[in-house]
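Asker: Before I ask anything, here is the structure I am working with.
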Amino acid sequence: MGCRSRSRRRERAPRRVYHLDLDGEQTRGARIALLPGDPGRVPRIAYSLDPEAQELAFHREYRSYLGHVRGEPVLVVSTGIGGPSTSIAVEELARLGVETFLRVGTCGGISPQVRVGDVVIAPGAVRLDGASVQYAPIEYPAVAHPEVLSALVAAARSLKKPHRVGILASTATFYPGQERRDSFSGYVPRALQGSLDEWRALNVLAYEMEAATLLTMASAFGLRAGCVTGVVVHRGRSEKVTPRGLKRGEENAIAVAAAAVEILVSP
Ligand code: URA
């Protein structure tokens with residue numbers, strides 16, 4: 001599965017895109033973008049790629065930095081939380097000429113195979129996100145591009161980071177969708193009661209909220225995408241994300257994503 005014609009995209013690329021508040025001149029022909037959810041994480045990721053990275057825009061939840069890796073322009077753009085805002089970022093970046101997307105985020109462990117601090121690299125995601133069905137019918141798989149997937153696995157191995165390759169469940173909500181009871185009402189609708197056990201029984205490794213949207217859209221557009229997330233809480237033990245768990249999961253995922261970019265831009 002290759003990328004669609006670059007020249008066709010380039011002709012259309014320079015126009016300003018509304019939500020990201022970016023144009024093709026600012027993005028300097030960048031063809032690769034790292035996508036954290038959190039705008040606060042963008043500078044940290046960008047500086048880990050390139051200490052001279054620069055902020056391009058910060059509009060709503062979309063914060064954008066540009067750096068260079070081995071001379072190649074690389075964007076770091078936050079998606080905000082969840083499928084709808086992720087779909088806007090992916091749409092607008094694709095229109096600006098981005099062909100390879102790498103989500104770098106966090107997740108809540110489901111499977112006993114993962115621990116807090118591990119990195120989950122996803123060959124695919126369960127499509128509970130809501131947004132992706134407006135791009136492709138639910139039967140269409142949310143799968144990573146094999147080149148991005150193998151770059152992520154090679155990066156995790158070379159850094160000796162604890163990692164698992166397996167399926168994520170991308171939910172439309174953080175609370176009922178992930179069967180959390182520490183919510184305002186404490187109530188989980190019947191259709192979602194028992195869902196945590198079910199995903200565990202089906203060998204889903206962790207919950208998060210953006211991978212399915214990204215992977216579905218990139219495949220449907222003929223572009224490349226992959227996803228690496230750090231486990232910040234384990235749902236077998238707790239519902240609460242602690243600062244310590246967050247730090248460990250985030251650091252490992254960012255390190256793997258940055259090393260994967262090096263691999264992807266290498267000739
Ligand atoms: N992200 C999620 O979506 N869920 C978690 O539990 C942790 C991070």
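The values are calculated or read from the model by the stated rules, or taken from the named source; none is laboratory data. Since we're looking at a predicted model, the values are computed, not measured. For neighbour counting, all protein chains shown are included, and Cβ atoms are generated from backbone atoms with ideal geometry for every residue, glycine included. Each accessible area value is taken on the protein alone, full model and side chains, heavy atoms only, with ligands, DNA and RNA left out. Shrake-Rupley method; radii C 1.70, N 1.55, O 1.52, S 1.80 Å.
Asker: More than 16 Å from the ligand (Cβ to nearest atom), of a type in the set (S, T, Y) and farther than 23 Å from V133 by Cβ: which single residue out of T106, T100 fits that description?
Answerer: Sole residue among the options that is more than 16 Å from the ligand (Cβ to nearest atom), of a type in the set (S, T, Y) and farther than 23 Å from V133 by Cβ: T100.
Asker: Can you tell me which residue within segment 56-104, out of those that are basic (K, R) and assigned to a strand (DSSP E or B), is surrounded by the most Cβ atoms within 10 Å (Cβ to Cβ)?
Answerer: R103
Asker: Scan segment 113-123 residue by residue and report those that are open to solvent by less than 10 Å² (accessible area, probe 1.4 Å) and either in contact with a Gly (Cβ under 7 Å, 6 or more places away or on another chain) or small (G, A, S) (or both).
Answerer: G117, V119, V120, A122
Asker: Further question: Would segment 165-181 turn up any residue that is over 22 Å from G226 (Cβ atoms), acidic (D, E), open to solvent by 40 Å² or more (accessible area, probe 1.4 Å) and within 16 Å of the ligand (Cβ to nearest atom)?
Answerer: No - not one qualifying residue is present in segment 165-181.
Asker: Can you confirm whether A89 is closer than 20 Å to G236 by Cα, modelled with pLDDT of 95 or more and not acidic (D, E)?
Answerer: no
Asker: Taking G222, is it modelled with pLDDT under 95, touching a Cys at 6+ places or on another chain (Cβ under 8 Å) and either more than 13 Å from I45 (Cα to Cα) or more than 15 Å from the ligand (Cβ to nearest atom) (or both)?
Answerer: no
Asker: A further question on this structure: Those residues that are open to solvent by 10 Å² or more (accessible area, probe 1.4 Å) and in a loop (DSSP other than H, G, I, E, B), I need them from segment 16-36; list them, please.
Answerer: Hits for segment 16-36 are R16, Y18, H19, D21, D23, R28, G29, R31.
Asker: Condition (residue is open to solvent by less than 40 Å² (accessible area, probe 1.4 Å), in a strand (DSSP E or B), over 20 Å from A89 (Cβ atoms) and within 12 Å of the ligand (Cβ to nearest atom)) applied to segment 200-210: is it met by at least one residue?
Answerer: Taking every residue of segment 200-210 in turn, at least one turns out to be open to solvent by less than 40 Å² (accessible area, probe 1.4 Å), in a strand (DSSP E or B), over 20 Å from A89 (Cβ atoms) and within 12 Å of the ligand (Cβ to nearest atom).
Asker: Looking at segment 142-163, I want the residues that are touching a residue at least 40 places away in the same chain (Cβ under 8 Å) and assigned to a helix (DSSP H, G or I) and have a partner that is hydroxyl-bearing (S, T, Y) and buried (at least 20 other Cβ atoms within 10 Å of the Cβ) with Cβ atoms under 9 Å, at least 6 apart or on another chain. Which pairs are those?
Answerer: Pairs that qualify, where the first residue is touching a residue at least 40 places away in the same chain (Cβ under 8 Å) and assigned to a helix (DSSP H, G or I) and the partner is hydroxyl-bearing (S, T, Y) and buried (at least 20 other Cβ atoms within 10 Å of the Cβ), are E147/T100; V148/T100.
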